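As structure tokens, the structure follows; a few thoughts come after it.
The values are calculated or read from the model by the stated rules, or taken from the named source; none is laboratory data. None of the values given here were measured: they were computed from a predicted structure. Glycine also receives a Cβ, built like all others from the backbone with ideal geometry; neighbour counts cover every protein chain displayed. What goes into the accessible areas is simple: the full protein's heavy atoms, side chains included, and nothing from ligands, DNA or RNA. Shrake-Rupley method; radii C 1.70, N 1.55, O 1.52, S 1.80 Å.
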Amino acid sequence: MATLNLFSQPWQPTISPSFFCCSNSNNNISYAYQNHNIISNNSKFHFFSNSRHFSVLSQFSTHSSKSGSGSSWLQNSSFASGIEYRKRPLCSVFPTKPAQVSSVEDLFQFICSGPLLDKIGLTQEQVAESIDNWLLYGRYLCRLFQLNELYLTEPQKARIYHYYVPVFLWCEQQIEEHQSKFKDGEEIPPLVIGFSAPQGCGKTTLVFALDYLFEVIGRKSATVSIDDFYLTAEGQTKLREANPGNALLEYRGNAGSHDLALSVETLTALTKLTREGVKIKLPRYDKSAFSGRGDRADPSTWPEVEGPLKVVLFEGWMLGFKPLPFEAVKAVDPQLETVNKNLEAYYDAWDKYIKSWIVIKIKDPNCVFQWRLQAEIAMREAGNPGMTDEEVRDFVSRYLPAYYAYLPTLYSEGPNGSDPQRLLTIEIDEGRNPILAS
């Protein structure tokens, strides 16, 4: 294609002049995006003040890929080390000397070989026309994950250019379609995009990356998880006492263990953040409270978001699950009967707010156990508290009945109340990488 004649020279990425970082005598790092007026002067690095703080380090260190011989896709990145990544200057990962790297044409061919291009409706010609954006978004993600953009491994390239950037472009398409439905002068509510994906499959990392990309291109975004809506410790105790002997409701997780009134209040408020100066606080949950049983975090610690928001990223392992006939859930596990009944109230509390959906599909729910085990092993090896293998097995066993009952319908019919035209289903392998749909 003629367009690619421009790509014959090796790609020599540069650091944008709008970004800088430095350290002071106290070894605290100062970061600034000059174009976005975002500055942090403490040792905790925050890319953006209004975003959810994700506990993603353990996931980053355990995401493996077949093409990488089972090693982490972040194996050569300082991001994946045991040191807290937010304390490290991002520009330190870029080489100081020029290096011969793959040409942009090579990267173009790699992008076009990805499994998601057809799903998001992009042709090779459209990729060629927008190659500058692909390079820019890839560069931003390399900074976020502290990867050397000149020496990406195949798993790293795949994660960025076959997964995160295509999903971001799809989200951008959805936002544009959403906004086009409103007339000039009308207040446009933010688009709520739902991410339904099993635990441990990488949805938190994906949302983390998307939230960052929205921020650096100037779109205000907010993130929220179904975990934020768990009952308080007192409410969870009452639920357990009301369902003696039901292992699925003994701890937080399944339908019935969430504060649906808080969900409605929060999601309604988020969709009304259409003007500057309007602010709300987003609830957060402390999973470490009460020896791991958890409790709602103190409201004084909740992050604040301010309008006008363009997009809300809402993620959870059971988003979009539909209640099933009693016989169907009983055949999976009789304890699901109460959970299934509780699920009837979830559409009005969660799913009806979601206008676009991303469903991350897995072939075998047992992957959840392996992924969780990897995360806990990584935590233990890093010297942090982590569950034993048996505790992991017990933990995951309380979710598996719901996966076996509800995932087939989610995959065949889509999330509860979803529009097939606004649904992106991504099938992933055991390494959490997108694959061509079978």
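Using 0.36 nm per residue of separation minus the Cα-Cα distance, give me the extension gain between Lys341 and Ser397 in nm, one decimal.
Stretched fully, the Lys341-Ser397 segment lengthens by 18.2 nm.
Express the carbon and sulfur contribution to the solvent-accessible surface of region 101-162 as a percent, rounded to the nearest whole number, probe 1.4 angstrom.
41
Sorted by packing (mean other beta-carbon atoms within 10 Å per residue), highest first, where do 399-405, 417-423 land?
Working: 399-405: 20.1, 417-423: 14.0.
Listed from highest to lowest mean packing, they are 399-405, 417-423.
Using the heavy atoms of the protein chains and a 1.4 angstrom probe, tell me the accessible area per residue for region 101-162 in square angstrom.
Numbers: 2240 Å² over 62 residues.
So region 101-162 comes to 36 Å² accessible per residue, rounded to a whole number.
If the only charges are +1 at each Lys and Arg Cβ and -1 at each Asp and Glu Cβ, what is the size of the charge dipole of region 101-162 around the Cα centre, to the nearest 20 debye? Working shown, then result.
Values: 5 positive and 8 negative charges, 70 e Å.
In total the dipole reaches around 340 debye.
Please get the size of the charge dipole for region 276-419, origin at its Cα centre, with Cβ charges of +1 on Lys and Arg and -1 on Asp and Glu, quoted in debye to the nearest 20. Don't skip to the end; give the middle numbers.
Details: 18 positive and 22 negative charges, 37 e Å.
Computed about the Cα centre, the dipole is about 180 debye.
On the principal axes of its Cα set, how long, how wide and how thick is region 101-162? Give whole Å, largest value first.
30, 21, 18
Among residues other than Asp419 whose Cβ falls under 13 Å from its Cβ, what is the net charge (Lys/Arg +1, Asp/Glu -1)? Present the calculation step by step, with values, prior to reporting the outcome.
Details: positive: Lys181, Lys352, Lys355, Arg422; negative: Glu177, Asp351, Glu413.
Charge balance near Asp419 sits at +1.
What is the calculated FRET efficiency for Glu177 to Asn366, with r their C-beta to C-beta distance and R₀ = 30 Å, to the nearest 0.05? Walk me through the intermediate numbers first.
Values: r = 37 Å, r/R0 = 1.23.
Result of the calculation: an efficiency of 0.25.
Label 7 Å along Cα→Cβ of Arg240; region 282-306 residues with amide nitrogen under 19 Å?
Under cut-off, by backbone N: 285-297.
If you wrap region 293-342's Cα atoms in a convex hull and average its projection over all directions, what's the area in nm²? Each step should come with its number before you reach the end.
On the way: hull surface 24.4 nm².
Average projection, Cα convex hull of region 293-342: 6.1 nm².
Over what distance in Å are the Cα centres of region 150-228 and region 393-407 separated?
27
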